[in-house]
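S.K.: Please find one structure pasted underneath; my questions will follow.
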Amino acid sequence: MRSEKSNRAPLGLKVAAAAGLAFMHVPILLIFLYAFTTEEKSYQFPPPGLTAQWFAVAWSRPDVWAALTLSVKVASIATATALVLGTLCAAAVSQTRFFGRETISLLVILPIALPGIITGIALRSAFSMADVPFSFWTIVLGHATFCIVVVYNNAVARFRRISGSLIEASMDLGADGFQTFRYVILPNIGTALLAGGMLAFALSFDEVIVTTFTAGQQSTLPIWMLEELIRPRQRPVTNVVAMIVVVVTFLPILGAYYLTRDGDQIAGAGK
């Protein structure tokens, strides 16, 4: 009984934790609330009335579908690119030793550590100097710079947890490099890659700053939302779309959490 009481958090700490959670999540709840308001020009609290008509309005607007389609395409291709390049970088850094390995690891992580506006300005300057027109592919390249980091971090952590005896045993049994990767390494890093891909997709889907510098005249869904906030009418439509963004980004993050929460064991250890 005494040990249970000593493990309980003080009341002040509980209140502080609850206040912190409220500070982070109440604004999100307000977005959900104003998606149902009958007032279309301002944010009155409490809302004068509730309605679900804005979902039908958002569904019927072609500009919403165009922005959503563009965001999904960019996020999908950027994530696929990140899965390939991030996995290869992680394998090279974690499985081999060479001069400058830590420096390369730092350079891979650097794009996500730098402020997004710095990355955006750098990419825009590079594209302008190379006379590359701003298009769908410049957005993909911009998003891939930080998506690679997400996949790399997940993959390199899982690579380091794979026991070297598994790879040695595979080689001793006559498997070549591709077979070892397919039957030994990939099953052990598969959940980490899936989690990294989910997180990369979520980050790409709601990216604003880098997209602003690399999109040209195109509008992804977050850019469309920023533009719509300036307009005085049908503001609840923006909140409806924001709800979609919350769901689309929350589900991959939740899935990534459940896929990686048990990944602290070393595969093949003690066998």
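S.K.: Of these, A144, A82, A126, A195, which one is among the aliphatic types (A, V, I, L, M) and at pLDDT below 85?
M.R.: The unique qualifying residue is A195.
S.K.: For region 89-103, which residues satisfy the criterion of being surrounded by 14 or more Cβ atoms within 10 Å (Cβ to Cβ) and hydrophobic (A, V, I, L, M, F, W, C)?
M.R.: Within region 89-103, C89, A90, A91, A92, V93 qualify.
S.K.: Moving on. For F36, state whether it is open to solvent by 30 Å² or more (accessible area, probe 1.4 Å) and touching a Leu at 6+ places or on another chain (Cβ under 8 Å).
M.R.: Against the criterion (open to solvent by 30 Å² or more (accessible area, probe 1.4 Å) and touching a Leu at 6+ places or on another chain (Cβ under 8 Å)), F36 qualifies.
S.K.: How many of the residues in region 72-110 are part of a helix (DSSP H, G or I), over 20 Å from A200 (Cα atoms) and of a type in the set (G, A, S)?
M.R.: Of the residues in region 72-110, 2 are part of a helix (DSSP H, G or I), over 20 Å from A200 (Cα atoms) and of a type in the set (G, A, S).
S.K.: If you don't mind, another one. Of all residues in region 147-174 being touching a helix residue (DSSP H, G or I) at 6+ places or on another chain (Cβ under 7 Å) and modelled with pLDDT under 75, which is nearest to K73 (Cα to Cα)?
M.R.: The qualifying residue nearest to K73 (Cα to Cα) is I162.
The values are calculated or read from the model by the stated rules, or taken from the named source; none is laboratory data. This is a predicted model, so every value here is computed, not measured. Every residue, glycine as well, gets a Cβ built from its backbone with ideal geometry; the counts of neighbours run over all protein chains shown. Accessible surface is based on the protein model in full, side chains and every heavy atom, while ligands, DNA and RNA are left aside. Shrake-Rupley method; radii C 1.70, N 1.55, O 1.52, S 1.80 Å.
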